[in-house]
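Chemist: Below is the structure I would like to discuss, written out as structure tokens.
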Amino acid sequence: MSEIISRDTLDLLIQASYFLAVLLFILGIKRMSSPVTARRGIRQAGLGMLLAVAVTFFLPDMGNYLLIITALFLGSLLAWISARKVAMTGMPQMVALYNGMGGGAAATIGAVALYAGHDYDLVIMGLAVLGGLIGSIAFSGSLVAYAKLEGLIAKTLRFPGLQVFNALVFFGAIASGIALLAVDGYPFELITLFFTLSLLAGITITMPIGGADMPVVISLYNALTGLAVAFEGFVLDNPAMIIAGIVVGAAGTLLTQLMAKAMNRPLSNVLFAGFGDTGGSGEEGPGGTMKETEASDAAITMAYADKVIIVPGYGLAVAQAQHKLWEFCERLMERGVEVKFAIHPVAGRMPGHMNVLLAEAGVPYDHIFDLEEINSEFDGADVALVIGANDVVNPDARSKKDSPIFGMPILNVDHADNVMVVKRGRGTGFSGVENPLFFADNTQMVFGDAQEVAGHFIQGLKSLDG
């Protein structure tokens, strides 16, 4: 009787600990939604994960402790080193990579259940197959997204009949998964075919998608990873995995919908339509020629302005110019200039990229505004300073129906009295879509690395002070 009570008590403590871990996950994700509380949210979610991992060691019939501890140590060490070294410009790649690892782990659980031929009921094995399919697609697709963001894959893969080929691969994976459940014994060859086609589907679906759509793709694969983890949680009979997977899947789905809405494009258009192939890279363009100015002259113009709105983009992250830019802004504010930052939902290479970048530089949260909050203020701004942004400030999204970004909500920087654009070169940017803003009468271009330009801005202000 004592053994029964002891076992029941242990089981109760384990389930209670899992429940607490899930609460920490949910609270952490909630707090990550605001830059003010994001740091605490990350710590709380991390504490939840630590609790869930620790409690798992006390599950009945656990074994291979040395192997588990070794894997945990090596994985944690690798993650710690890579996270400490990654630059802000590499954060989207890291998110894509780590998200892919989650999908791969979920797929591996399904693979172990299938290859081992566990005598689970049909429903559980069906969830193992479904989790294996979704996890494999999230894994290989996230790796392709990582490679595109890292520049390892420079071109999109498109050819006539591509969508038909993708459909054949995808439905081939589904058919092989159904066949696994229909035959006896889970044949090795059929399992291998299923996972091969599933991994291939993630690659072929992601390869045609342009780099400008990667924020939406990363968010989508995050949702798929959560869903796969939830399914495999049923296979392992682990409530923490089930609930955490559902929470991550739901959060990723909502974020994907918000991102697609911010681009005013359905998810099907992101996944199945070519984007950013229009090209164009010269100085000549719509509205004439780009008008270049010196950074010092641009700084003087902003010094005598009443209101300056700054629109950061990926170019700011590439140059690691956020600290210099904020120093320049502080000098402007000392001169009585009102300075605000305008953040588009899809600026950068992942959701919240610009918010994190500015927070790292110490920009107060009350200076940072979303599109809906600040768009009406551009009409009263003396200067709109665009640093490394392209599509999110492209006026063609409002008026040019044949533009790939037509209908996408943009920041109305062209409504400002003066527009200063800091840009590394005269090309069209990451998506390849021409931007008439750069050729507008009220726009002046400041070419160069954003950090160097910000330094020249500061020197320009210093010259006014003697």
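Chemist: Filter the cross-link list K148/K324; K85/K324; K148/K400; K261/K291 down to pairs whose alpha-carbon distance in this structure exceeds 30 Å.
Modeler: Among K148/K324; K85/K324; K148/K400; K261/K291, the Cα-Cα distance tops 30 Å for K261/K291.
Chemist: Next up: Which far-off residues, 5 or more places away or on another chain, put their amide H under 5 Å from the one on K307, with H placed in the peptide plane?
Modeler: Distant-sequence amide H within range of K307: E338, D382, V383.
Chemist: Listed highest first by mean packing, meaning other Cβ atoms within 10 Å per residue, what order do 15-26, 399-410 come in?
Modeler: So the peptides 15-26, 399-410, ranked by packing, come out 15-26, 399-410.
Chemist: Ratio of alpha-carbon Rg to the 2.2 N^0.38 Å globular estimate for region 66-182, to two decimals, please.
Modeler: This ratio for region 66-182 stands at 1.30.
Chemist: Extending each Cα 7 Å along its Cβ direction at I203 and N64, get the distance between those two points in nm, one decimal.
Modeler: 2.6 nm
Chemist: When a footprinting reagent is the concern and you count Cβ atoms within 10 Å, what order do R424, R39 take, fewest first?
Modeler: R39, R424
Chemist: Divide by every residue of the chain the summed helix terms, -39500 (n - 2.57) for each DSSP H run of at least 4, and state the resulting mean residue ellipticity at 222 nm, rounded to the nearest 500 deg cm²/dmol.
Modeler: It comes out at -19500 deg cm²/dmol, rounded to the nearest 500.
Chemist: Quick check: residue separation of M49 and D306 times 0.36 nm, minus the Cα distance between them. What number comes out in nm?
Modeler: Working it through step by step, the gained length comes to 87.7 nm.
Chemist: Note the full-extension length gain between S34 and F165 as 0.36 nm times their separation in residues minus their Cα-Cα distance, in nm to one decimal.
Modeler: Once the chain is fully extended between S34 and F165, it gains 43.0 nm.
Chemist: Right, next: Compare the peptides 251-262, 65-76, 47-58, 136-147 by average per-residue count of other Cβ atoms within 10 angstrom and give them in order, highest first.
Modeler: Per-residue Cβ counts within 10 Å, averaged per peptide and sorted highest first, yield 136-147, 251-262, 47-58, 65-76.
Chemist: Along the Cα→Cβ direction, 7 angstrom out, place labels at R398 and E452. What is the inter-label distance in nm?
Modeler: Calculated label separation equals 3.4 nm.
Chemist: Another question, if that's okay. Could you order peptides 358-364, 118-124 by the average number of other Cβ atoms within 10 Å of their residues, highest first?
Modeler: 358-364, 118-124
Chemist: Another question, then. Between the helical axis of 188-206 and the dominant principal axis of the chain, each derived from Cα atoms, what acute angle in degrees is found, rounded to the nearest 10?
Modeler: 10 degrees
Chemist: Net charge near H415, counting Lys/Arg +1 and Asp/Glu -1 over other residues with Cβ under 10 Å of its Cβ?
Modeler: Residues near H415 contribute -4 overall.
Chemist: Taking only the Cα atoms of region 284-464, how large is their convex hull per residue, in Å³?
Modeler: In region 284-464, the Cα hull volume divided by residue count equals 102 Å³.
Chemist: Here's a follow-up. Shape of region 115-246 from its Cα gyration tensor (a ≥ b ≥ c, root eigenvalues): rounded if a/c is under 1.5, otherwise prolate when a/b > b/c, or oblate?
Modeler: Here region 115-246 falls in the oblate category.
Chemist: Continuing with this model, one more query. Using θ = phi - 60° and the Karplus curve 6.51 cos²θ - 1.76 cosθ + 1.60, what whole-Hz ³J(HN,Hα) does each residue of region 117-132 get, with Gly and Pro shown as x?
Modeler: x, 4, 8, 7, 6, 4, 5, 5, 5, x, 5, 4, 5, 5, x, x
Chemist: Classify region 1-81 from the C-alpha gyration tensor, please: rounded if a/c falls under 1.5, else prolate or oblate depending on whether a/b exceeds b/c.
Modeler: Taking the square roots of the gyration eigenvalues as a ≥ b ≥ c, region 1-81 is oblate.
Chemist: For K261 paired with F57, estimate the spin-label separation in nm (one decimal), with each label point 7 Å from Cα along the Cα-to-Cβ line.
Modeler: Taking the two extended label points, one gets 4.4 nm.
Chemist: Also, quick follow-up: As I understand it, the dipole of the chain uses +1 on the Cβ of Lys and Arg and -1 on the Cβ of Asp and Glu, about the Cα centre. Which of N375, A113, P208 lies farthest toward its positive end?
Modeler: The Cα lying farthest towards the positive end belongs to A113.
Chemist: How much length, in nm to one decimal, is gained on full extension between E372 and L254, taken as 0.36 nm per residue of separation minus their Cα-Cα distance?
Modeler: Taking 0.36 nm per residue and subtracting the Cα distance, the gain is 40.6 nm.
Chemist: Spelling out what I want: for every residue of region 324-340, take phi, set θ = phi - 60°, compute 6.51 cos²θ - 1.76 cosθ + 1.60 (Karplus), and round to whole Hz; glycine and proline get x.
Modeler: 5, 4, 5, 4, 4, 5, 4, 5, 4, 5, 5, 8, x, 7, 7, 10, 9
Chemist: Can you compute the radius of gyration and Dmax for the chain, using only the Cα atoms, both in Å?
Modeler: According to the Cα coordinates of the chain, Rg and Dmax are 25.4, 88 Å.
Bear in mind these aren't lab numbers, they're just calculated from the coordinates by the rules spelled out. From a predicted model like this one, the values you see are computed outputs, not experimental measurements. As a convention, Cβ positions derive from the backbone with ideal geometry for all residues, glycine included, and neighbour counts pool all protein chains shown.
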